[in-house]
Every structure is written in C-alpha cells, then in structure tokens.
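We did not get these values from a lab; they are worked out from the coordinates using the rules stated. Just so it is clear, the structure is predicted and the values come from calculations on it, not from any experiment. Cβ coordinates were reconstructed from backbone atoms using ideal geometry, including for glycine residues, and neighbour counts include every protein chain displayed.
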Amino acid sequence: MVPGAGLSLAAALDFGTLPSQIVNGVLNGAIYALIALGYTMVYGVLRLINFAHGEVYMLGAYTALFVSWAYGFRPDVPPDQLPESSLATLLVMMLASMAVCATVGVLIERFAYRPMRNQARISSLITAIGVSLLLQYGGGLFLPQNPPPTMNERVNPYRQTLELTLVGAPQQLSEVVEAARREFQAAERTFEERLKSEKDQFNLSPEGQRLRDAKFEAERRLRDAESKLNSAQVTVRVGAGRLAILVASLLLMFLLRQLVLFTPTGRAMRAVSQDFDSAALMGVNVDRIVTITFVIGSALAGAGAMMTATFLGTSITPYYGVLPGVKAFVAAVLGGIGNIPGAVLGGLLMGVAETLVIWAGYSQFADAVAFVVLIVVLLFRPGGLLGSSAVEKV
Amino acid sequence: MHVRRTIPAAVWAALIAGVLATGCSGSGDAQKQEQPSGGEAPKTSANVRPQPTAEGNKAEGDTLKIGIVVPINGDQKPWGDDALNGAQIALEDFNKQGGIPGKKVELVIGDSGSNTEQAKSAAEKLISDGVLGIIGDVTSSNTIQIAKSAFEKGVPVVSIGATNDDVTKQGANVFRVCYVDSFQGEVMAEFAHKDLGLRNVALLTDRKQAYSVGLSNNFRKHFEQLGGKIVGEEFYETKQTTFTGQLTNLKAKNPDGLFLSGYFPEVGPIVKSAKAAGLNVKFLGGDGWDSKEILNSGGEAIVGGFFCNHYNNKDTRPQVQHFLKRWKEKVGGEPGTTMAALGYDAMAVILDALKRCKSYDSKSLTAAIEETENFPGVTGDLTLKGQNGNPRKRALVVEVRPLPEGFVMRKAIEPKDLGQ
C-alpha cells in the first residue's frame, strides 16, 4: 500500500491482546524462574555462578527425548502407529530427566568444583565455564543433532487449547458470522463436488476455477466477519500444555519453599549460605549440603527442560541450554542472586517484559529487553530486586 | 601485499553492483506502480557483473582438478555431506559415460566448516592447489566469501545451494544451480494468491538469517504486486523457543495465511504454537523447510502446509529416477536433503562445461559454463547462458503430508509461468 506501511504497523498498540500477552509472559517466565532457581541456590550456598547449569538443562531435554523414544514415540513412525500417551508417561519422563540432571549436577560439583573450593573464586568461575563448554561440545560428539530432533507432540496427551472470553461480543455479530459460515460451507461443498471430476487439484478447468474462486470469496467474507467478532471481544487462549508447565513449576517451587523453610536440611542450607565456615563449625556437614543443593537445583532444571521439550516441542541441540541459561541467569541476578523468591520474581518479570515488548510491536528487540531491564534495575538496586546490597568482591 | 592492488577494482565493482541492487529493492515500494513486472531487477545488474581480470589456473599434465567446498563439519554438516556425495556420484557417472578422453578429472575436497572464514580459506587453498573451478558452498554467506577469493584469482565458482540474490553479483565467474530467493518468493506469492486464494498474509521472519529476511521481503513485494495484503510482520531469532507473543499479535491481525521464511528447526514449533494460539490458517514457506524433521517438529499442525523446493524424491523425471537409483547404490536410502541433488547438478554442470572447453584453464571453463543451455539436471532443466549466473529453471511447490507420504509435489512453476 503505502511505502513504509510495515513500520507504522509496528507502532499500533492493540489493547485487546494485552491480557493474552500478559498470560503468555507469565507462562514463559515460569520456565525462566525454574532454571533461575538452580543458579540462585548454588550461588547462595557456594558463592559460585554455575555456568554449566544451562548444559545440565540441555541434558535434561535429551533425557526426556530418549525416554519418549523408548516409549515408541520415534519420529519415523507414522502417526497412526504411535502408542497412546498418558500422564504416567509424562511423569516417568520428568522423573528420568530430574534424576539424570541431579546426577550430572552432583558429578560436576564433585569433580569440577569441589577440588577448586579452596582456591580463589575466579578459578571456580573459570572451571564452571570450562565444564559448560565441555558439555556443549562433548555433547555434540555423542548426542543426536543432525537434524536437531524434536519431541513428538503425541507424547503430550494435553494438546487442546483453552479459551477464556473476558469481554463477549454482541449477539448480532455472532449471527453474521454464522450466516457467513453457512454460505462458505455451501460453496466449499459445491467446489469439492466439482473437484471429484477434476484431474489435478492445482491445474483446474475454467469451471473448476470459477467454483474455487467462489469458495475463496465466501471464505474471505467469513474471515472478515470473524475478524470483526474477534476484535469486538477479548479472549485469552492458552495451550493446555503451557498451563501444565505453569502448574508444575508452581508446585515444584512450593515444594522447594517448604523444604528450605521447614526441614532440618533446609535450615542447614540457610546456615551454609549465611556463613560457610561457621556452619561447618556448628556441626553442619557442608559437603552434604552442597551436594543436596546441586541435586535440587539440577533436578529443577531437568523438570523445566522436560516440560519445554515436551510442551513447546522446540528442537533439541547440544546448545539447547545456552539461551535459556543466560536468560535464567539474568533473571536470578535481577531478582537478587542467592535469593530464592527473587529468582521466581526475576523470572516472571523477565517473561512479562519480553512479551510486552513483542506486544508493543518490537519483536526484534525481545531478547535485548531482558538485559535492558537488568541494567536499569542494577543501577538502582545493585543487589537485585530482593537481594542484599552488600558490596562483594568476586 | 601485491594482492592488494588487484582488490580495489573488484571491490568498487562489487560495491556499485551492491548499491544498484539494494537501490532497486530498497525503493521497490515506490517503483512498483511504474514497473508492472518484477523481472526487471536482474537485467539492470547485467551490465555491472564485473569480469575477473586474473588469468586463473591452467591444467598441468593429464589431471583436471575441480575443487568442492562444502561444510563437512559444523552445524551445516548434513547439507555438506549430501552435497559431497551428490558431486561424487556425478563424477562417477561422468567417467562411466567416457569422461574426457586422455584426461582424468579429480575432485579435491575443501571443508568450509559451516562458517565464512573457513570457507574463504578452504577456497584459497584449493585455488593455490591449481583447481580449474570450484563448486560450493551450500549457503549464501559462505558462497559469497568463496566467490570473492575466486574472483580475484579468475577461477569459476558454481554454487550448490546459495539462493540469496546477491551471490552471483560478485563477478562474471560466479554461477549457481539453484533458483534465487526472489524467484522463490515470487513462486510462493503466486501460489498463495492464485491457487490458495489468500489475500491477507502475515509474515514471521527469523531476524538472524539473511536468507529469511530476504525471502520475506521478496514474498511481500510480489504478493503486494498481485494485489494481496501483508497484514503484519513479526520477528524471532534462531534458537528461540517461545513464539506465543508474536503469534498472539498476528492472530489479532486476522490473516488467512502465514508465511514462515525461516529454517525448519524453528518453523515446526512455531506452526504448533500458531495452531494453539487459534491461527487456523494456511502455512507457507521456502526451501528452509526442507527436512524430514519438520514432519515431527510441526506435528499435526504442519500437515497441509506448502513450501517451495528445488527437487522432490517422488518426481518421475528420468534424471531424478536415475539419481535416486545411483544414490541408493552408493550411499543407501534416499537423500535426506535437497542439497544432494543440487550437489550432483553443480558437479554435472561443471563437468559438462569441461567437455566443451577449448583449452583446459579457468578462463575457458568460465566461458563454457556461461554457455550452458537446457542442461538436463536432476533438479530441472537449467540454462545459464545470458542469465548472470542465475539459472532459468523451475521451482516445485510441495505439500506437507503425514508420514508415510511426507513431502508431496503439488505444482512445478517454470520461470515462464511468472512471465519471466
């Protein structure tokens, strides 16, 4: 139409989609929060930024994938021969991911970080980066990545979309839509009748073309009517799988909170995070607490990885954990690293901030906004939103 | 340092070509009312494709060396492996049919390692080893680097899978056997408008891939020329995992089609979440979709989507059937990507040209490649004569069907169908 129409489109704000976008943001943020918990817990206890956390997450995704393959959800199986999935399948996958991640986390701590514990902190930090690279490139040698595999969607028994209409449309509009739909269905039937006598669907006879165009015409009228209906109402659409991610994340976070606040292990953990040496003097088995910290943090990453791999169905590569790892790390710092509620808050905030930038029409800056938010927050609260602002030398 | 002296001419020529080219596409919106057909753009660059001034390599003894630069390592390895196997089969076929009497053709392999720096140094190494011509690479950005080095030395390049329009503007020594993105965009725009009856299409572009950005722009240009409307465009980045924000925005624009110009690892998940976001529309894309994995990653949602491809395993043309038979003998199974057939064609084109060479050196090889007319390749009949290195050949529109059907060819669109 007009030159530069693409640009002006970006600036238009559509408040009808705002509720949907906020829900999207919270759902994305839940995953960041789950991974951020691992960073924050390890930092809280060891004052170590575990850069290999993203790679633990990646291994969790692969584990979930392999378990799904073992169940028979292989990519080369035609859809009608796939087995039925159930909640139990998902639970087994999640537990397997959590178990593998916890093991890997413990091994990393035992063999990479523990020998460095009494060295300067920078050594541990560099070790962490080393482990991260080792797992990325080492994984590249052994894990399937060409082409990057994805989880079969049939693993997920909850594939429907849930719709919630916040503001309804006038009755009159829905009637118009219904009328248009009937017209379209009639045109479609006539065309399909005609199609039976046609040789090639994509090289039609003139009469076939006329009927096809009539069908398109009716379809366009239906779309127009639907469009009017849609803009008159405010609807939030959520995939059931994404809702499952949120519910499971909240449940895991709640369990973690109970564990940290109300169990002896949790008390020991808090003690170690306050003062490593004094806690040891008071009879806390520090090595055991550190191991438990890695078990919990890594298992949470495993759960998160299994859920993203299954419910979002993104391609899995040895670099699967890099971007989520960086974002979760930012979320942890944003909320105040070392602070558990802070990690959750940071994750949710980042998820919502990103989606709002997309909502405003600047999807090309969605990844940058996380870092902008981080810089702004750190300018005013150097310790993060909920963190302590004591100056520390790293 | 003596090399530097030869650079400025090439650089200036490339710059001018680049400026003219971007000038055309940049002001495309304003110009399009005046010029009815999109076929004008390639002609303006006809006069600016610079001739290489260097002499190039000469064959020594009875061995004629041809180089191939493809990614044998890195994340583009599946394409590189397929292309290399294809090229080797083409060479075997050529020798079986008699080859060149008294001469032996040798294929020298270079690894582009899936990145531009390594592609450049691999090409330079092959040129200093005395190859007469180079085939490769499978991607546009790598091919541009190879083409630059080859231009300086006067060695011809036949690219396998570089579809970006700018690739062959590097010099008159650069050719390709695949179609260009502007043709691909036009094919899909035509198909969307005419055969699918779409009028309001939304774009979803991978901002990190020049290929995706270029293809989206080409689709936009041609679809608007046909009278369709692009109702919105959103961006994502390679390796991104959630797309709900972008899709919610696009849903509000009420498109009847969604053009996904990115690569298959993202397209599959996008299509799935698009369905979940309530976008019950037709999905369309380019050759970036070409991988069996998209059937799995796109699930039920991708079924019924259409994309543009160079070649299809179910094609009944005799060249395709012969190629598939030879592939089965040598590699086993069916080729996983279209790069296998394109690798075969790139090698076959250069070998065919070698046969017609007046003398065995880079210069006459370049001239012989330029003379290629109606060459019966696996991916279609291709003509390079007077085409500025961009072959006139067809593109296939392929529909995604559930396994075991897979990719089903729906329509072959020849350049003449688009009035070119």
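For the reader, a short list of remarks on this structure follows.
- Cross-link partners of A:LYS228 among lysines, defined as those whose alpha carbon lies under 23 angstrom from its own and excluding same-chain residues fewer than eight positions apart: A:LYS215, B:LYS229, B:LYS251, B:LYS253, B:LYS275, B:LYS282.
- Whole-Å distance, taken between Cα centres, linking region A:235-314 and region B:258-305: 35 Å
- Sites A:THR165 and A:LEU378, calculated FRET efficiency, Cβ-Cβ separation with R0 41 Å, nearest 0.05: 0.50
- Per-residue HN-Hα couplings for region B:237-250 [Karplus 6.51, -1.76, 1.60; θ = phi - 60°; Hz; x = Gly/Pro]: 10, 3, 6, 5, 10, 10, 10, 4, x, 4, 5, 4, 4, 5
- 0 to 90° range, to nearest 10: angle between helix B:181-190 axis and chain B longest Cα axis: 40 degrees
- Interchain or long-range residues, amide H under 5 Å from B:VAL70's placed H: B:GLY110, B:SER112
- Net charge, A:SER231 excluded, C-beta distance under 12 Å - Lys, Arg +1, Asp, Glu -1: 0
- Compared with the dominant principal axis of the Cα atoms in chain B, helix B:210-225 is inclined by about 60°.
- With all pairs of separate Cα atoms included, region A:167-255 yields a Kirkwood hydrodynamic radius of 16.3 Å.
- Estimated from the Cβ-Cβ distance and a Förster radius of 22 angstrom, the FRET efficiency linking A:LEU91 and A:LEU250 is about 0.85.
- Pair A:SER197, B:HIS322: separation of 7 Å Cα→Cβ label points (nm): 4.2 nm
- Among the residues of B:248-260, the average count of other protein chain beta-carbon atoms within 10 Å of the residue beta-carbon is 5.
- Legend: mean number of C-beta atoms from other chains within 10 angstrom of residue C-beta atoms, peptide A:207-213, equals 1.
- In sequence order, calculated HN-Hα J values of region B:266-272 (Karplus, 6.51, -1.76, 1.60; Hz; x Gly/Pro): 8, 4, x, x, 4, 4, 4
- Peptide ranges A:132-143, A:85-96, A:150-161, A:303-314 listed from the most packed, as the mean C-beta count within 10 angstrom indicates: A:303-314, A:150-161, A:85-96, A:132-143
- Whole-Hz couplings from phi, Karplus 6.51/-1.76/1.60, listed for region B:255-262; x for Gly and Pro: x, 9, x, 10, 9, 10, 8, x
- Overall form of chain B per C-alpha gyration tensor (a/c, 1.5; a/b vs b/c): prolate
- Rounded to whole Å, the principal axis extents of the Cα atoms in the protein assembly as shown read 91, 73, 51, largest first.
- All aspartates and glutamates inside 12 Å of B:LYS239 as judged from Cα atoms, apart from same-chain residues fewer than 8 positions distant: A:ASP367, B:ASP206, B:GLU266
- Kyte-Doolittle at least 1.6, axis length at least 18 Å by Cα - qualifying DSSP helices, chain A: A:87-108, A:240-262, A:322-335, A:340-359, A:366-380
- Residue-averaged beta-carbon neighbours from other chains (10 angstrom radius) around B:288-299: 5
- Candidate cross-link partners of B:LYS77 among the aspartates and glutamates, defined by an alpha-carbon separation under 13 Å and a same-chain spacing of 8 or more, comprise B:ASP111, B:ASP137.
- Protection-proxy order for peptides B:349-361, B:125-137, each taking the mean of Cβ atoms within 10 Å per residue, highest first: B:125-137, B:349-361
- What separates the Cα centres of region B:216-256 and region B:88-133 is a distance of 41 Å.
- Here the convex hull built on the C-alpha positions of region A:209-361 has a volume of 170 cubic angstrom per residue.
- Axis angle, to the nearest 10 degrees, between helix B:318-330 and the longest C-alpha principal axis of chain B: 70 degrees.
- Label zone at A:GLN233 (point 7 Å along Cα-to-Cβ), backbone N below 14 Å, region B:263-304: B:278
- Gaussian network model of chain A, springs between alpha carbon atoms under 10 Å - residue of A:ALA186, A:ALA301, A:ALA128 with greatest fluctuation: A:ALA186
- The H on the amide N of B:SER159, modeled in the peptide plane, is under 5 Å from the matching H of B:GLY136, B:PHE175, B:ARG176, B:VAL177, each at least 5 residues off or on a different chain.
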